[in-house]
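The values are calculated or read from the model by the stated rules, or taken from the named source; none is laboratory data. Everything numeric in this text was worked out from a predicted model, so none of it was measured. Note that each Cβ is placed from the backbone with ideal geometry, even for glycine, and that neighbours are counted across all protein chains shown.
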Amino acid sequence: MTILVEHRPGYRVITLNRPERLNALTVEMAAALNEALDEAEADNSCRALLLTGAGRGFCAGQDLAAIVDAAPADLGNLLEHYHPLILRLRALPIPIVCAVNGVAAGAGANLALACDIVLAARSASFVQAFARIGLIPDCGGTWFLPRLVGSARARALAMLAEPLPAETAAEWGLIWHMVEDETLIDEAQALTARLAAQASAALALTKRALDMAGSNTLDRQLDLERELQLEAGASPDHAEGVRAFLDKRPPVFGRTRS
Ligand code: LHQ
């Protein structure tokens, strides 16, 4: 099994599972990930996802053994398996936490950056490894990096392909938090469970609004916020949130995605 899917109350944990290859990506793994996302979306009781890696690495990017002597067209074909996955992670109406348990290299680094909230273990690192093998950052690297850390740092990360330690990644805003190795999985599960207990429609709409912000003018973004706020405002979770505030009690949101 190239990935493992574990069902928890309100959320699922997806674990990349080729530890002997630092969870390097294959076409089969991408297909399995896509299927896991389809199944999660189809299940209304799944309100959050956690993505992590088995063993000492998170994901070492494309399995290089599969592209030795590959023709340029083969590389393009491979990306037709990976790039839709990146778009799918962004478009999924479910918050996705990524727990980067070890090295995240090449497409593996960018797979992590496509998730909504990224935690990384102190021993983890992020490497835009592409330049080392004469390639350019793909799987959204050239899009995510400048937006997350600014142009100067993005260019150096992409061109030098040096590992960025988790601590610096957090300082630079590439990720949400660095945590100690021993506590990573517990903290990631607690964060995912917390998201799973929140107002699911609002989180899905927030995700959509933030994704549009990169290409919208302020004017258009304000229109979008108004449109999506009407949707959020019509949800029972909104009514419950306001009532709970006024009653000075914690809100109890719906247990299925609306
Ligand atoms: C691996 C891999 C790996 C196979 C470690 N493949 N075996 C997509 C498709 C189309 C076009 C092109 O682009 C892409 C996107 C990409 O992702 S391209 C970038 C691909 N990734 C890389 O270039 C990273 C390659 N790996 C590394 O540089 C190192 O392994 C890192 C820095 C990730 C970790 O270094 P170490 O901690 O020193 O581990 P290691 O190198 O000893 O690796 C452990 C084992 O895993 C080892 O096997 P072995 O049998 O010797 O124990 C490696 O061969 C294997 N492995 N990455 N991508």
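A few points about this structure:
- All positions within the stretch 14-51 that are within 13 Å of the ligand (Cβ to nearest atom), outside any helix (DSSP H, G or I) and under 30 Å from Ala199 (Cα atoms): Leu16
- Scanning the stretch 52-102 for residues that are more than 19 Å from Arg122 (Cβ to Cβ) and not in a loop (DSSP other than H, G, I, E, B) yields a count of 26.
- The requirement of being surrounded by 15 or more Cβ atoms within 10 Å (Cβ to Cβ) and either at pLDDT 95 or above or touching a strand residue (DSSP E or B) at 6+ places or on another chain (Cβ under 8 Å) (or both) is satisfied by Leu89.
- Highlighted here are the helices (runs of 4 or more DSSP H) found entirely within the stretch 107-174 that include at least 2 residues which are in contact with a strand residue (DSSP E or B) (Cβ under 8 Å, 6 or more places away or on another chain): 107-113, 166-172.
- Single unsatisfied condition, Asp69 versus (1) at pLDDT 95 or above; (2) farther than 19 Å from Val179 by Cα; (3) of a type in the set (D, E, K, R): (1)
- Which numbered condition Leu205 misses (of (1) out of contact with any Phe, Trp or Tyr (no Cβ under 9 Å at 6 or more places or on another chain); (2) part of a helix (DSSP H, G or I); (3) over 30 Å from Ser235 (Cβ atoms); (4) not aromatic (Phe, Trp, Tyr)): (3)
- The condition (being touching a residue at least 24 places away in the same chain (Cβ under 8 Å) and away from the ligand (no atom under 12 Å from the Cβ)) is satisfied by just one residue among Ala161, Ala169, Ala190: Ala169.
- Tallying residues that are more than 8 Å from the ligand (Cβ to nearest atom), touching a helix residue (DSSP H, G or I) at 6+ places or on another chain (Cβ under 8 Å) and without any contact (Cβ under 8 Å) to a residue 40 or more places away in the chain within the stretch 113-148 yields 11.
- The stretch 69-112, residues that are away from the ligand (no atom under 11 Å from the Cβ) and at positive phi: Asp69
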